[in-house]
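Chemist: Pasting a structure below so you can have a look.
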Amino acid sequence: MPVYAAGPGASSGRPLIRLDSNENPYGPSPRAVEAMWMALSSSNLYPDDNSADLRHQLAVHHGMPEDQILVTAGSTDMIAILCQTLLGPGRNAVTSERSFIVYPLAVRATGADLIQTPMREDSFDLEAILAAIDENTRLIFVANPNNPTGTILDSAAIDYFLSRVPDHVIVVLDEAYYEFAAHFAFLRGFMYSNSLDQVKRGAPVVVLRTFSKAHGLAGLRIGYGIGPADLFSYCVRMRHTYSVSSVAQAAALAAMRDQAHIDRAVTSNSQQSKILCDGLAELGMRVFPTSANFICCDVAEDAAAYTARLREYGISVRPLGFWGAPNSIRISIGTPEQNQALLAAAQKISNAR
Ligand code: PMP
């Protein structure tokens with residue numbers, strides 16, 4: 001199993017511009033912070049294990065029955081729970097190469113195999129994924145948009161794909177970057193996702209969403225799955241008791257209600273993505289079109305060395321050698337000031353070449 005190389009983390013001590021973990025640079029909603037303060041005084045009590053209030057609000061928000069929503073300690077927890085529920089030795093899951101690093105970790109921890117198909121034009125090749133399915137396949141992971149490439153599949157491509165997946169396989173549509181992607185799709189005039197309609201019509205699909213990105217609550221660990229009630233009745237048994245803290249539940253409830261805060265992050269992200277992409281392209285780098293809160297770009301040299309040089313300017317980004325892209329880095333889209341600092345550092349590195 002690969003070892004997950006996490007970012008430097010919130011308490012690394014060194015003042016760094018953190019553009020390495022696709023976090024929300026604007027922080028949590030003030031309303032969420034207030035709700036957390038309120039929840040703290042009840043920290044002597046175990047949390048509601050079913051996240052009933054949050055689940056209810058999510059059900060109303062998405063127009064789904066509550067038994068089709070499972071709240072977990074981040075969407076990565078939901079990924080692990082799905083693997084533990086459906087996989088084991090002799091079974092397999094299918095995804096693309098150069099996708100979210102947690103898929104191999106969670107699949108292999110169950111003793112199952114992960115089949116990773118090649119990419120097509122830096123994006124998931126859904127035909128290759130269909131061709132890789134065998135009788136032992138139980139799960140498919142589609143990160144949409146994909147991390148780390150930032151590439152997106154539109155709803156027509158996903159619908160056609162789902163119509164051809166055999167019945168014994170559950171498709172996980174990982175929409176961790178949903179709010180950013182939906183906004184990009186709106187601006188670009190295409191239909192991003194109707195994944196919830198797929199769940200509503202009974203398709204064997206689990207949609208993943210998280211409070212870590214647009215809601216700015218990554219440090220609290222809270223996300224959820226939306227999927228078939230009968231599958232979730234098994235998944236819930238694999239979830240660790242009390243794994244979603246009361247503070248996280250309170251924060252998520254409040255964050256959901258602060259649409260203005262979400263909108264600000266999403267709008268700034270799309271504006272800043274253009275500034276970053278244009279700036280890096282002017283330096284001669286190949287920049288992948290993004291639909292998320294990060295961009296992937298080819299720096300035309302060893303990415304680890306390039307990352308180390310950016311570090312000297314106090315900026316942390318993610319080199320993608322581990323993903324089989326030794327010349328590529330992933331940069332989270334930050335605040336205007338952070339992005340200007342990144343572009344200034346990239347310019348200096350470029351001048352010194
Ligand atoms: N899915 C994808 C594709 C991601 O990039 C991430 C965040 N890095 C997640 C899921 C996990 O988010 P969380 O566990 O914080 O909800």
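The values are calculated or read from the model by the stated rules, or taken from the named source; none is laboratory data. What you see is a predicted model, and the numbers here were worked out from it, not measured in a lab. Using ideal geometry, Cβ is built from the backbone for each residue, glycine included, and neighbour counts are taken over all protein chains shown. The protein model used for the area step is the full one, side chains on, heavy atoms only, and it has no ligands, DNA or RNA in it. Shrake-Rupley method; radii C 1.70, N 1.55, O 1.52, S 1.80 Å.
Chemist: Could you tell me whether the stretch 1-120 comes out rounded, prolate or oblate from its Cα gyration tensor? Rule is a ≥ b ≥ c as square roots of the eigenvalues, rounded for a/c under 1.5, then prolate if a/b exceeds b/c, otherwise oblate.
Modeler: Values: a/c = 2.04, a/b = 1.28, b/c = 1.59.
Oblate, since a/c reaches 1.5 and b/c is not below a/b.
Chemist: Of the candidates 93, 252, 59, which one comes out as most mobile in a Gaussian network treatment of the chain with C-alpha springs shorter than 10 Å?
Modeler: 59
Chemist: Further question on the same structure: Quick check: the distance between the Cα centres of the stretch 295-319 and the stretch 155-214, to the nearest angstrom?
Modeler: For the stretch 295-319 versus the stretch 155-214, the Cα centre distance is 31 Å.
Chemist: Right, another one. Decide, for the stretch 47-115, between rounded, prolate and oblate: order the square roots of the alpha carbon gyration tensor eigenvalues as a ≥ b ≥ c, take rounded if a/c falls under 1.5, and otherwise choose prolate if a/b is larger than b/c, else oblate.
Modeler: Values: a/c = 2.64, a/b = 2.23, b/c = 1.18.
Prolate.
Chemist: Can you give me the solvent accessible area of residue 164 with a 1.4 Å probe, rounded to the nearest 10 Å²?
Modeler: Surface open to solvent at residue 164 totals about 90 Å².
Chemist: If you don't mind, there's one more thing I want to ask. Which cross-chain or sequence-distant (5 or more) residues have an amide H under 5 Å from the amide H of residue 117, H modelled 1.01 Å from N in plane?
Modeler: Under 5 Å from the amide H of residue 117 lie the amide H atoms of 95, 96, 97, each far enough along the sequence or on another chain.
Chemist: Roughly what % antiparallel, to the nearest 5, for the DSSP beta bridges in the chain? Don't skip to the answer; put the middle values down first.
Modeler: On the way: 18 of 37 bridges.
Among the beta bridges of the chain, antiparallel pairing accounts for roughly 50 percent.
Chemist: Probe radius 1.4 Å, ligands and nucleic acids ignored: give me the carbon and sulfur share of the accessible area of the stretch 128-278 as a rounded percent.
Modeler: It is 54 percent, rounded to a whole number.
Chemist: Right, another one. Run down the lysines and flag those whose C-alpha is under 27 Å from the C-alpha of residue 213, throwing out any fewer than 8 positions away in its chain.
Modeler: Straight-distance partners of residue 213: 200, 274.
Chemist: Another question about this same structure. What is the local net charge at residue 320, summed over the other residues whose Cβ is closer than 9 Å to its Cβ (Lys, Arg +1; Asp, Glu -1)? List each step's numbers first, then the result.
Modeler: Numbers: positive: 98, 318, 330; negative: none.
So the surrounding residues net to +3.
Chemist: Around residue 183, under 14 Å between beta carbons, what's the net of Lys plus Arg minus Asp minus Glu among the other residues?
Modeler: Details: positive: 188, 213, 264, 274; negative: 175, 179, 263.
Neighbourhood net charge equals +1.
Chemist: Are there GluC sites (Glu not before Pro) in the stretch 249-318 that DSSP puts in a loop and that have at most 14 other Cβ atoms within 10 Å, and which ones?
Modeler: Details: sites: 282, 301, 312; in loops: 301.
Here the GluC sites (Glu not before Pro) that fit, given the DSSP loop and packing criteria, are 301.
Chemist: Springs between alpha-carbon atoms under 10 Å, Gaussian network over the chain: tell me which of 99, 42, 291 tops the mean-square fluctuations.
Modeler: 42
Chemist: Using a/c under 1.5 as the rounded threshold, could you call the chain rounded, prolate or oblate? The axes a ≥ b ≥ c are square roots of the C-alpha gyration tensor eigenvalues, and prolate needs a/b larger than b/c, oblate otherwise. Could the numbers behind the result be given before it?
Modeler: Working: a/c = 1.65, a/b = 1.21, b/c = 1.36.
Verdict is oblate for the chain.
Chemist: Sticking with this structure for a sec: Residue 64: accessible area at probe 1.4 Å, nearest 10 Å²?
Modeler: Accessible area of residue 64: about 10 Å².
Chemist: Sticking with this structure for a sec: Keeping all protein chains in place, calculate the accessible area per residue for the chain (probe 1.4 angstrom), answer in Å².
Modeler: On the way: 14910 Å² over 353 residues.
The answer is 42 Å² per residue.
Chemist: Additional query: At a probe radius of 1.4 Å, what is the per-residue accessible area of residue 274, in Å² to the nearest 10?
Modeler: For residue 274, solvent-accessible area is about 120 Å².
Chemist: Apply the Karplus parameterisation 6.51 cos²θ - 1.76 cosθ + 1.60, with θ equal to phi minus 60°, to every residue of the stretch 165-175 and state each ³J(HN,Hα) to the nearest whole Hz, in sequence, with x for glycine and proline.
Modeler: Calculated HN-Hα couplings, in order: 7, x, 4, 7, 10, 9, 9, 9, 9, 8, 10 Hz.
Chemist: Still on this structure, please answer the following. In what order, largest first, do 60, 205 sit by accessible area if the probe radius is 1.4 Å? Working shown, then result.
Modeler: Numbers: 60 100, 205 0 Å².
The ranking, largest first, comes out as 60, 205.
Chemist: Out of all DSSP beta bridges in the stretch 38-171, what portion is antiparallel? Express it as a percent rounded to 5. Mind showing how you got there, number by number?
Modeler: Numbers: 1 of 11 bridges.
That works out to approximately 10 percent antiparallel.
Chemist: With the convex hull built on the Cα atoms of the stretch 104-211, state its orientation-averaged projected area in nm².
Modeler: Values: hull surface 29.0 nm².
If you wrap the Cα atoms of the stretch 104-211 in a convex hull and average its projections, you get 7.2 nm².
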